[in-house]
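We did not get these values from a lab; they are worked out from the coordinates using the rules stated. Keep in mind that what you see is a predicted model, and the values were worked out from it rather than measured. No Cβ is skipped: glycine too gets one built from the backbone with ideal geometry, and neighbour counts run over all protein chains shown.
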Amino acid sequence: MSVTVPAAPSFSPVSAAIATYRAAGERGDADAISALLAPDVALHSPLTARVRFAGRDEVTAMHRDIFAVLEELETSEPLALDDTRSFTFRARVRGVELNAMVLAEFNEDGQIADLTIFGRPLPAVATLFAALPPRVSARRRGRMTGALVALVARPIAFVVRTADRLAPRFL
């Protein structure tokens, strides 16, 4: 699905911003997303509640990391409630299909102030866990830390994908 930025003046700034965000996501354009973010934006990971990414620079860098591991990203039409928008997307991570939802909350200036990402199914989230944290760790803490995180994360993804293939036979 291709996203176009609305040109009609009847769209609110929030609606225009979410259309721009979706289009930039489909292109993998973190810089275009950066322009939409509030300076104090927060991004909540689908992988853990223990880590929150804060600030425009860090959230933009996270989008670069996300776009580096996701392929064939396609978004859906957003749902709206006041200054909050939500949309789903599908993508592939290391060949595994991921379905996810983005919840975006906007501030009074029409900037994205808070992003929460939810993902499914578990094998895809586990594969994302094996791909994304090592990349983020390497960027933030160095290549050795990234390699250590990969060493821990990859077996988890393997076990979850294997269990996903076998478990349905027993249900």
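Once fully extended, how much extra length lies between Glu77 and Arg140, figured as 0.36 nm per residue of separation less the alpha-carbon to alpha-carbon distance?
Here the segment from Glu77 to Arg140 would lengthen by 19.3 nm.
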Nearest 10 degrees, 0 to 90: helix 122-141 Cα axis against the chain principal axis: 80
Relative contact order for region 13-120, counting Cα pairs under 8 Å that sit 6 or more residues apart, in percent: 26
Angle between the chain longest axis and helix 143-166 axis [Cα atoms, degrees, rounded to 10]: 80
Largest to smallest principal axis extent of the C-alpha atoms in region 13-120, angstrom: 39, 28, 24
Nearest 10 degrees, 0 to 90: helix 56-69 Cα axis against the chain principal axis: 50
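Within the set of other residues whose C-beta is less than 14 Å from the C-beta of Ser45, count the net charge using Lys and Arg as +1 and Asp and Glu as -1.
+1
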FRET efficiency, 1/(1 + (r/R0)^6) with R0 25 Å, evaluated for Leu148 and Leu122 via beta carbons: 0.60
Phi-based couplings in Hz for region 32-49 (Karplus 6.51, -1.76, 1.60; Gly and Pro marked x): 5, 5, 3, 5, 8, 8, 5, x, 9, 4, 10, 10, 9, 6, x, 8, 7, 7
Footprinting exposure proxy for Asp109, Asp29, Asp57 (fewest neighbouring C-beta atoms within 10 Å first): Asp109, Asp57, Asp29
Of Leu128, Leu43, Leu79, the one that fluctuates the most in a GNM where the chain has Cα springs shorter than 10 Å: Leu79
Packing-based order for 92-104, 145-157, using average beta carbon neighbours within 10 Å, highest first: 92-104, 145-157
Computed lengthening from Arg92 to Ala167, 0.36 nm per intervening residue step minus Cα-Cα distance: 24.8 nm
Size of electric dipole in the chain: Cβ of Lys, Arg +1 and of Asp, Glu -1, about Cα centre, debye, nearest 20: 1160
